[in-house]
1. 222 nm [θ] for the chain, helices only, -39500 (n - 2.57) per DSSP H run of 4+, per residue, to 500?
2. So which residue, out of ASP85, ASP112, ASP275, gets the largest mean-square fluctuation from a GNM of the chain using Cα contacts under 10 Å as springs?
3. Kindly sort GLU353, GLU290, GLU78 by accessible area of their heavy atoms, largest first, with the probe set to 1.4 Å.
4. Of the peptides 98-106, 323-331, 148-156, 61-69, how do they stack up when ordered by the mean number of other Cβ atoms within 10 Å, highest first?
5. Considering every Cα-Cα pair within the range 233-315, what fraction, in whole percent, is farther apart than 23 Å?
6. Would you mind pulling out the separation of the Cα centroids of the range 241-292 and the range 320-335, in Å?
7. Mind running the shape call on the chain? Use the C-alpha gyration tensor, a ≥ b ≥ c as the square roots of the eigenvalues: rounded below 1.5 for a/c, prolate if a/b tops b/c, oblate otherwise.
8. Accessible area of the chain with a 1.4 Å probe: how many percent of it is carbon plus sulfur?
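The values are calculated or read from the model by the stated rules, or taken from the named source; none is laboratory data. In this text, all values refer to a predicted model and were calculated from it rather than measured experimentally. Don't worry about glycine lacking a Cβ; one is built from the backbone with ideal geometry, like all the others, and counts go over all protein chains shown. Heavy atoms of the whole protein, side chains included, go into the accessibility calculation; ligands, DNA and RNA do not. Shrake-Rupley method; radii C 1.70, N 1.55, O 1.52, S 1.80 Å.
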Amino acid sequence: MTQQGEYMKQAGVLMLAAALLAMAPRILAHDGPHGHASAGAAEDPDISYTVHLGKQVTDIPPKREITIPNVTLPDAGELRVLKGDFHIHTLFSDGWVWPTERVYEAEENGLDVIAITDHIEYRPRLNRGNPGEPMLRKEDSENYNLSVEIAQKQAAANKKASKNKSELLIIRGTEITKKTMPPGHFNALFVQDVNKIAAVQDDYWKMFAEARAQGAFLLWNHPGWEAPKSGGIEKGAPTTFTKIHEEIYKRGYMDGIEAFNGKEFYPVVAKWCTDKNLAAFANSDIHPPESRQYGLRNPRRPVTLVFAREKTLESVKEAFFAKRTIGWAADMIFGQEKFVRPLFDACVEIKKEPGRFAFANRGSIPVVLKVGGQTVELAPLATAGAGRTDSIKTITVENWFVGKGQPLAVPVE
């Protein structure tokens, strides 16, 4: 049979099949993997398809969108408010997750910049050639920069994969981890090579000096952490600025301090920040996955606000050394008044109307106002009002602190 004859034979079979299908009872088929299956023949009862249950079984909150207006400072002009977390751990020390997961967590929380700060002296997850330590190759475990480099590559890849997406900034950092308090633990941020700091880990003064030689910003971590065998204070002891910390500060090895760490708050830090001009921070110090420490996208997790000229690592570093940072955690703001007040002015609009105040919150930070004898809860991006009399000269911002137990006071005369 010729090729043409074979073609005509096959075409005839297909035409006959089509005619038989057209005469069959029409039955509505179920949804197949690509939508409705074509109606027509009865379905074999033994045939089934994959049923996709994404919407039915998924309960993940959407990505956080944090809105904070630009602030204006007398000596610096208009500045952006970047959101960051500058104390984060991975499997490269005693964290529970790979560095790439920290990138995704930060992006989903609406952060602009983070620092990967794995411990130098304490890296229990890494393979040092001992039996039962299969986490990493030995040569990788000896590279103290690797976790940061992995995170930086992931952030760059995420930006490339998403059009018009701003890249998450990753600061190269590390945690200097001493088992006694003082000195406790310090983060070195904006370092060039962690390996050089690790090389002198037997002497914390040499570690501080090497970090500073690399241009690092030095942050005193969790000054009130109760863990005497791991570099914290005795349980129930007061949070104090010790003689050794005073010496560290005098030698120029302390630039900032954590007011919030993980799930802890150290009220006295505000006084130290004001008296010694230290930058205030609110950091997660996260070790487990985000979901196990805070729940997903929790708006009360610690965030450090950075008043930067632009979203670049250079601008963040300049802001750090200018001490233009504020801690935000558990619906509280905490920092030096010279920064907290401009942030309030940028976020909260106060209008005097006949017999009342009208408030508008232009940002994502909740505000609790004491207006005379009234308490006004001004939710993020919301409005509220309160009665006004001539006797009300000042409004107190109950959850924004500028000192130990000292809320921000805003004149309204």
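1. Working: 12 runs with 110 residues, N = 413.
Result for the chain: -7500 deg cm²/dmol, rounded to the nearest 500.
2. The residue with the greatest mean-square fluctuation here is ASP275.
3. Working: GLU353 65, GLU290 5, GLU78 125 Å².
Reading off the accessible areas and sorting them downward yields GLU78, GLU353, GLU290.
4. On the way: 98-106: 20.9, 323-331: 22.9, 148-156: 19.3, 61-69: 13.6.
Packing proxy ranking, top to bottom: 323-331, 98-106, 148-156, 61-69.
5. Numbers: 1252 of 3403 pairs.
I get 37 percent for the Cα pairs in the range 233-315 exceeding 23 Å.
6. When both Cα centres are located, 11 Å separates them.
7. Details: a/c = 2.82, a/b = 1.53, b/c = 1.84.
Here the chain falls in the oblate category.
8. Values: 10990 of 20800 Å².
That share works out to 53 percent.
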